[in-house]
Protein chains: 2
Amino acid sequence: MKEQHLFYAPEIALTGTLPADESAHAVRVLRMRTGDSLWAMDGQGRFYDAEITEASPRACVVEVTGSRPERPTHRGSIRLAVAPTKNADRMEWLAEKVTETGIDALHFVLCRNSERKVLKDERINRIVISAAKQSHKATLPQVESLCPLMQFLKDEANRPGQKLIAHCLDMGEGDDAMASAAPHLADIIEADADTVVLIGPEGDFAPDEVAEALRLGWQAISLGPCRLRTETAALAAATLMAAGKRL
Amino acid sequence: MKEQHLFYAPEIALTGTLPADESAHAVRVLRMRTGDSLWAMDGQGRFYDAEITEASPRACVVEVTGSRPERPTHRGSIRLAVAPTKNADRMEWLAEKVTETGIDALHFVLCRNSERKVLKDERINRIVISAAKQSHKATLPQVESLCPLMQFLKDEANRPGQKLIAHCLDMGEGDDAMASAAPHLADIIEADADTVVLIGPEGDFAPDEVAEALRLGWQAISLGPCRLRTETAALAAATLMAAGKRL
């Protein structure tokens, strides 16, 4: 099945050019020529039909022949705040997957028990762009740089919406203390609300981190009885939010 | 946070020994000695407490001091049938993730448009074992070898339960023809039923493959408006099944 290529061209409406890497891909890899038509998106919710007027491998110039807004994929907004895993690949994988399932923003938070204290934003952004292109999306999720958890909680304090924290006291054998204590995300997700789910690091949140979140009105949730890795829990939350907010 | 190690010992009840690789890990890596206690599972739903009586790095001998069955994590049964992706890593990643989220069986089917015609079972099995240990599960999901789709459909014909097929006519821009035509998995999942979801290859199913499934009583479902990669769709289906069948 020949797959239509979607180009990422944030400037297309303003300058009518493709970025250097996309220009090289169009001209050098796909061997596109003047007169060829292409399909692009600006990362801000708009798709474009365009025709190449100057097939330059450095700055391919196009003429926009049409454009249309992306259709929304869910109600309210879907955001995730995750403590990066020790293994950076797992966060890059998460960025790809949540871009596919549909997310508005991905925040990275630094927790007491975080084993990873740095995260390469540009790598994550590259992955998000390629995942958006691959899944034919016109909107790039917002990727927020690593921020200390307490600062993140402060920043969120005045923000409306549903704030949920998935912390789990490991009781071994795949039990999840919250499974009994806290409601399952699927039971409390508000379809039309702006919802953010906070997922802790491999070592879980520190007790005072959870206490502070609860004090600030965050609600504890369960993602079920299974013991999930950080990135698995984060993607499960994104999947359940997308399903709960489906149009 | 010190993490308790769970050993995989399928023979523990019968022979009181750990497999060679687990023995080496216990004695050489973890430097465990005679008298040390360890925690194991047999892959068939039982956890064991044991004490090392002979710390051999080839066949560590233990004495079982206690055992208990794993608590169920969901109602009915959860099965996935997936056409392997061209990139084998994505299937290995899927095997890890669905083991975490909880699945009873993972089938691999060969479709007309499958770009991958072979799959290394032993690699998938190794990943499933390590994911089960990591997520503290005592039951290993059944991993079925790659089977031609038409044969798989025949094999399933006499099996009771809910049979769902997620096929999507790509209409570009992340639209999913089934999103309007077919019900969303979350809307039709039967909590107590044995449910299997069939996910097609990158090139989607061939029309006659879908027709045959529908003829045999499979129901078309949607996983939402987003255009998901094969492994992302499969994990989303597993996540939604686990949530829909939660206890």
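We did not get these values from a lab; they are worked out from the coordinates using the rules stated. These figures come from a predicted structure and were not determined experimentally. Note: ideal-geometry Cβ built from the backbone for every residue, glycine included; neighbour counts use all protein chains shown.
A few remarks follow.
- Length gained on full extension, A:Arg71 to A:Ser37: 10.0 nm, using 0.36 nm per residue less the C-alpha separation.
- Taking the fewest neighbouring Cβ atoms within 10 Å as the starting point, the ordered list for B:Cys168, B:Cys60 is B:Cys168, B:Cys60.
- Sorted from closest to farthest, the other copies place their A:Arg75 label points 2.5 nm away, with each point set 7 Å from Cα along Cα→Cβ.
- Isotropically averaged projected area of segment B:1-147, using the convex hull of Cα atoms (one quarter of hull area), nm²: 9.9 nm²
- Rg to Rh, two decimals, where segment A:81-219 supplies the alpha carbon set and Rh follows Kirkwood: 0.96
- Of the trypsin sites (Lys or Arg not before Pro) in segment B:16-54, the ones in a loop by DSSP (not H, G, I, E or B) with at most 12 other beta carbons within 10 Å are B:Arg31, B:Arg33.
- Each copy carries a label point for B:Pro160 at 7 Å from Cα along the beta-carbon vector; from one copy to the others these points are 5.0 nm apart, nearest first.
- Inter-chain Cβ neighbour average for residues A:223-236, partner chain, 10 Å: 6
- Each other copy places its own label point for A:Ser130 at 2.2 nm from this one, sorted shortest first, where the point lies 7 Å along the Cα-to-beta carbon line.
- A protection proxy built from the mean count of other Cβ atoms within 10 Å ranks the segments A:66-78, B:185-197, most packed first, as B:185-197, A:66-78.
- Helix-only mean residue ellipticity at 222 nm for the protein assembly as shown, each DSSP H run of n ≥ 4 adding -39500 (n - 2.57), per residue, nearest 500: -9000 deg cm²/dmol
- Counting neighbouring Cβ atoms within 10 Å and putting the fewest first, the residues A:Cys226, A:Cys147 line up as A:Cys147, A:Cys226.
- FRET efficiency estimate (nearest 0.05) - Cβ-Cβ, A:Val118 to B:Glu11, R0 51 angstrom: 0.70
- Cα centroid separation, segment B:52-81 to segment A:70-134 (Å): 34 Å
- Rh (Kirkwood; distinct C-alpha pairs) - segment A:65-111, Å: 12.5 Å
- Among residues of chain B, the one whose beta-carbon sits closest to the B-to-A rotation axis is listed with its distance in Å as B:Thr239, 2.
- Interatomic Cα distance distribution for chain B, bins of 10 angstrom, percent: 7, 29, 30, 18, 11, 4, 0
- Shown for A:Val29, A:Val64, B:Val62: other C-beta atoms within 10 Å of each C-beta, ranked fewest to most, produce the order A:Val29, A:Val64, B:Val62.
- Length added when fully stretched, B:Gln44-B:Ser145, from 0.36 nm per residue minus Cα-Cα: 34.5 nm
- Based on the Kirkwood approach, the hydrodynamic radius assigned to the protein assembly as shown is 24.0 Å, with every pair of different Cα atoms included.
- With N as its number of residues, segment A:60-155 has a Cα radius of gyration that, divided by 2.2 N^0.38 Å, comes to 1.23.
- In loop segments of segment B:1-69 as defined by DSSP, the GluC sites (Glu not before Pro) with at most 14 further C-beta atoms inside 10 Å of their C-beta are B:Glu3, B:Glu11.
- For segment B:18-159: lysine pairs under 16 Å (alpha-carbon distance), excluding those fewer than 8 apart on one chain: 4
- Residues in segment A:184-193 carry Karplus couplings, in order, of 6, 3, 4, 7, 10, 4, 8, 4, 9, 7 Hz; the curve used is 6.51 cos²θ - 1.76 cosθ + 1.60 with θ = phi - 60°, and Gly or Pro positions show x.
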